[in-house]
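The values are calculated or read from the model by the stated rules, or taken from the named source; none is laboratory data. The model shown is predicted, which means the values in this text are computed figures rather than measured ones. Heads up, the Cβs are rebuilt from the backbone with ideal geometry, glycines too, and the neighbour counts pull from every protein chain shown.
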Amino acid sequence: MTFAEIEPLELQKILSAHLPMYRRKVPHYQTVMLNSLRAVWQGRPQRLLDVGGGTGVIAEAMSRLLPVGQVEAIDVVDRFCPDLQVRTTRYDGRTIPVADAAFDAATLNNVLHHVPQAERAGLLREIRRVVNGPLYIKDHLSTGKIDDLRLTVLDALGNIPFGGMVQARYLSARKWQDLADQSGWTIGAVASPQVYRQGLHAALFPNRLETTMRFDPVAA
């Protein structure tokens, strides 16, 4: 399914209502991220769970810019902005406090590389329990130690201003596949390469470091 692209100024209007920095800063990266999700999107889920929602502003943007009904954001720390229209919940990072198949889809936006490696498969299995549909993942793709260093710098630049996590371990394509296999998912689609950065910035931090995938549930 294809949709008209989200425009940066459209997203800026939403984000700036909750985060003053976006009154001056055009959210190019976040716009590309949401458009990459659109590229692998299926249908119109009535209930979407954003896992690791951070400030909650991306969940808010998804509720208004993606084909979806209600959106709920959860995270292990309550950093949610006030006055969001989406529901927000703090949870323990292991058990999502809802019934089986309570949601039609879920998202993990730049979250999984911050989850301890031993807990990743468990988290994806828990998402599989509460979601009766696809899991959309925007994350990173590393080919080795140099890429890990690049991504560490990017994480610091992107997360420190919001009080987000910096500690991370990044996944290769093989590790993404293994994780899907271990947790009840199959990689159903991968977005084509997106232009997050240009010029010198892209030379230092290649766009291939970014990936967006749709994990489809494997029938039990």
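Could we say that ARG128 is over 20 Å from GLY184 (Cβ atoms), modelled with pLDDT of 95 or more and either of a type in the set (D, E, K, R) or touching a strand residue (DSSP E or B) at 6+ places or on another chain (Cβ under 7 Å) (or both) here?
no
Looking only at the range 66-97, how many residues end up being assigned to a strand (DSSP E or B) and of a type in the set (Gly, Ala, Ser)?
1
Given LEU48, LEU37, LEU11, which one is modelled with pLDDT of 95 or more, under 15 Å from VAL111 (Cα atoms) and out of contact with any Gly (no Cβ under 6 Å at 6 or more places or on another chain)?
Exactly one of LEU48, LEU37, LEU11 is modelled with pLDDT of 95 or more, under 15 Å from VAL111 (Cα atoms) and out of contact with any Gly (no Cβ under 6 Å at 6 or more places or on another chain), namely LEU37.
Which residues, counting only those in the range 185-214, are surrounded by fewer than 18 Cβ atoms within 10 Å (Cβ to Cβ) and within 18 Å of ARG128 (Cα to Cα)?
Passing the criteria: THR186, ILE187, GLY188, ALA189.
Got a sec? Which of LEU179, LEU154 is modelled with pLDDT under 95 and crowded, with 18+ Cβ neighbours inside 10 Å?
Unique residue meeting the criteria: LEU154.
Show the residue pairs meeting these rules: Cβ distance below 9 Å; 6+ apart or different chains; first residue within the range 15-27 and surrounded by 11 or more Cβ atoms within 10 Å (Cβ to Cβ); second residue charged (D, E, K, R) and outside any loop (DSSP other than H, G, I, E, B).
Taking only residues 6 or more apart or on different chains, the pairs are LEU15/GLU60; SER16/ARG23; ALA17/GLU60; HIS18/GLU60; TYR22/LYS13.
For LYS145, work out the one condition from (1) charged (D, E, K, R); (2) surrounded by 13 or more Cβ atoms within 10 Å (Cβ to Cβ); (3) free of Cβ contacts under 8 Å to residues at least 60 places away in the same chain it doesn't fulfil.
Failing condition for LYS145: (2).
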